[in-house]
Amino acid sequence: MNHLRILASGIFSVLLYAGVVSAQNQGKQDFTLTAAIETALKNNRSYLVAEQDLEKSDLQINEAYGLAMPTLSGSAQYTRNLKPAVFFITTPEGVQKLKIGADNAYQLAFTLQQPLYSKTVGTALEVAEIYKDYSLAGVNSSRLKTILDVKKAYYGVLLAKRYKDVSQKMLELTESNYKNVQAMYKEGVASEYDELRMSVQLANVRPQVLQAQNTYQIAVLNLKNQLGIEKEPVAVDEFRLELLPEDQISLGSQKVTEQNSNLRQLSIQKNLLEKNVEIKESGLWPSLYAFGNLAWQSQADNFKFQNYDWIRSTSVGLNLSIPIFSGFQTVSQIQQAELEVKKLDYMINDLQSNLQLAVQSATFKLREAKERVEAQGKAVGQAEKALAIAEIRFKNGVGMQLEILDAQLALNQALNNQAQATYDYLVAKADWQQLTGME
């Protein structure tokens, strides 16, 4: 029986622990950076809007092709002649009036029209295809912007978590040193000043831990907003450098010119405006359409439909429209469209200059942050060693408490500087990738 009770107690303890862990993890969700990006692309509203524009471009292509296809329209008309019109006929007896039509008139007609030549139609087809490329570039631009925002938010969480861990480590170190000083004070080895000074230091460190925790929660909320989810995201990737190859970084200026999504969008937009000039110029060109008409009509003074005599008529022909004079409207529209192209040329040149500057700035930040990470890595090792030496010196009575406090401060600063340098490199890398059209 005792064995059964022990077994039951053990099972209950395991279940209780599992329940506690489950309750702690409820409402949270682990995310790698890759999973975070995938989630954001499913939920980000700006990206979803860009995808809708892409679907719209497919429909616009269908609409443009419809301009080149035949159109068929039908019409039905009923007319009640309250006072029918008359013809005047001159006879030897004088002018005679002849009534035209009956009280009720009906007409059913179908018209088929096929464009044979229209410069507007041909250009519209080209514009629709170009607009799809523009929408694709827009989707890619929105995708890269979403990825960049998620990366920065994710790295922000990792940085805040590192700050939180460092502050917690400093608190544990301070508490440990405080206990040592207390023990030494009781033994008469340390002075009351040392005990009070370490107590003040401990009181100063605790608010820093709370501040770091609050900063972490804010970073988590920012990532949660970027992902568009309800649960609290937990960043599980390691906070470490993933270096870009130096030969790849050196090609940044070339890549930004060839692959930047915003620059590509402007280039396609310029192509669209050039086509808009052609559309305006098409107002100076003739257009030729073929048409065919099929109609049935009947008239009667009564509503005995079964006795109506329906007459069918058919006709085919060509319609040639030649613009002659439009009050200089077409010429003015062409000139305005050409000015829009020139304006976009200036915008493209300006963007190219800004992108070159931005990619060079990101490149400098990459190299600078890499050097800082390496330098701070050495500084952390030296600060840890200095703190260990200061603690030993103080315990042996040959060092001062101030040495421990200085060493703790130096270690805290080195750890935070290392974290900040890592974050700066990752953010500069994300900026560089977005500028050069890479994910």
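Annotations
- Region 115-126 residues that are over 20 Å from F291 (Cβ atoms), paired with ones that are of a type outside the set (G, A, S) and modelled with pLDDT under 75 (beta carbon under 7 Å, 6 or more apart): A124/L67; L125/Y65
- The selection criterion, being in a helix (DSSP H, G or I), under 30 Å from Q420 (Cβ atoms) and not aromatic (F, W, Y), holds for V380.
- Looking across region 29-52, the residues that are at pLDDT below 90 and either not in a loop (DSSP other than H, G, I, E, B) or not assigned by TED's automatic domain parsing to the domain that holds I147 (or both) come down to L41, K42, N43, R45, S46, Y47, L48, V49, A50, E51, Q52.
- Those residues of region 271-292 which are within 29 Å of A337 (Cα to Cα) and either in a strand (DSSP E or B) or among the charged types (D, E, K, R) (or both), in sequence order: E274, K275, E278, K280, E281, S287, L288, Y289
- Meets criteria (assigned by TED's automatic domain parsing to the domain that holds T422 and touching an Asp or Glu at 6+ places or on another chain (Cβ under 7 Å)) for I147: yes
- Filtering V373, V427 for residues that are buried (at least 18 other Cβ atoms within 10 Å of the Cβ), at pLDDT 90 or above, assigned by TED's automatic domain parsing to the domain that holds R206 and of a type outside the set (S, T, N, Q) leaves a single hit, V427.
- All helices (runs of 4 or more DSSP H) inside region 167-270 with 3 or more residues being crowded, with 18+ Cβ neighbours inside 10 Å, of a type in the set (S, T, N, Q) and not assigned by TED's automatic domain parsing to the domain that holds Y134: none
- For region 338-347, a tally of residues being under 25 Å from the mean Cα position of the chain (by Cα) and modelled with pLDDT under 90 returns 1.
- Breaking point among (1) outside any strand (DSSP E or B); (2) in contact (Cβ under 8 Å) with a residue 60 or more places away in the chain, for E55: (2)
- Scope region 164-211; condition among the hydrophobic types (A, V, I, L, M, F, W, C) and in contact with a helix residue (DSSP H, G or I) (Cβ under 8 Å, 6 or more places away or on another chain); matching residues: V166, M170, L171, L173, V181, M184, A190, M198, L202, V205, V209
- Residue in region 406-421 that is assigned to a helix (DSSP H, G or I), aliphatic (A, V, I, L, M) and closer than 20 Å to S250 by Cβ present: no
The values are calculated or read from the model by the stated rules, or taken from the named source; none is laboratory data. Every value quoted in this text rests on a predicted model; they were computed, and no experiment measured them. Note that we place each Cβ from the backbone using ideal geometry, even for glycine, and neighbour counts take in every protein chain shown.
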